[in-house]
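Some notes on the structure that comes next.
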Amino acid sequence: MQRSYRPAVVLLAALLFAGGAAVRAQSAQPKPKAQPPKAGEAAAKPKAAKMAAKHTVLNASDMQWGPGPDSLPAGAQMSVLDGDPGKAGAPFVIRAKLPDGYKVPPHSHPTDENVTVVSGTFTVGVGDKWDDAKMTSLKAGGYAKMPSNMHHYAGAKGETIIQIAAIGPFAITYVNPTDDPRKK
Ligand SMILES: [Cu+2]
């Protein structure tokens, strides 16, 4: 009896927790457009809703940093604040810490890239070829949006932290394939 009873209690607790999270999400956010559930989705949906409702509160000092993805030139550090940049179709927020003089050669992303400068100086230009004269310097508080598939390039003056918000996956296609660090 014990062996069958206890998992049931755990399951009930998990369901109550998930239900509570969903109720909190509904009160905190505008109601999303109604999407009629499809057959077979019932089991997966509550988990997805719970993940979307995840509440994140982070001071800069709480952020965990690790090496940037191998798709970026070496030297960058990355912190995932929300979501999963590797997941297709889902929003994510990351920060990237770029050392002085860091350069990302001309490239594009499959989804819109929204960049907010947190500290330092982020420089960005549009086009297929790197040209310092065509780059704009953005200081802390500055913002840039790179629409999907638009060719652009970027750098850092002084150690620079940027925050990137986008829909995954966070993929990079270099205009010149020889610039791709994965092919070096
Ligand atoms: Cu970019």
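Every number in this text was worked out from the coordinates using simple rules, so none of it is lab data. This is a predicted model, so every value here is computed, not measured. With ideal geometry, Cβ positions are generated from the backbone for all residues, glycine too; neighbour counts draw on all protein chains shown.
Values as computed for the structure displayed
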| quantity | calculated |
| --- | --- |
| Residue order, fewest to most beta carbons within 10 Å, for Lys97, Lys129 | Lys129, Lys97 |
| Stretchable slack from Thr136 to Ala88, in nm (0.36 nm times residue separation minus alpha-carbon distance) | 14.3 nm |
| Label-point separation, Ala171 to Asn149 (7 Å along Cα→Cβ), nm | 1.3 |
| Ranking of Phe122, Phe170 by count of other Cβ atoms within 10 Å, fewest first | Phe170, Phe122 |
| Per-residue Cβ neighbour rank within 10 angstrom, fewest leading, Arg182, Arg95 | Arg182, Arg95 |
| Thr56-Thr178 FRET efficiency (beta carbon distance; Förster radius 30 Å; 0.05 resolution) | 0.20 |
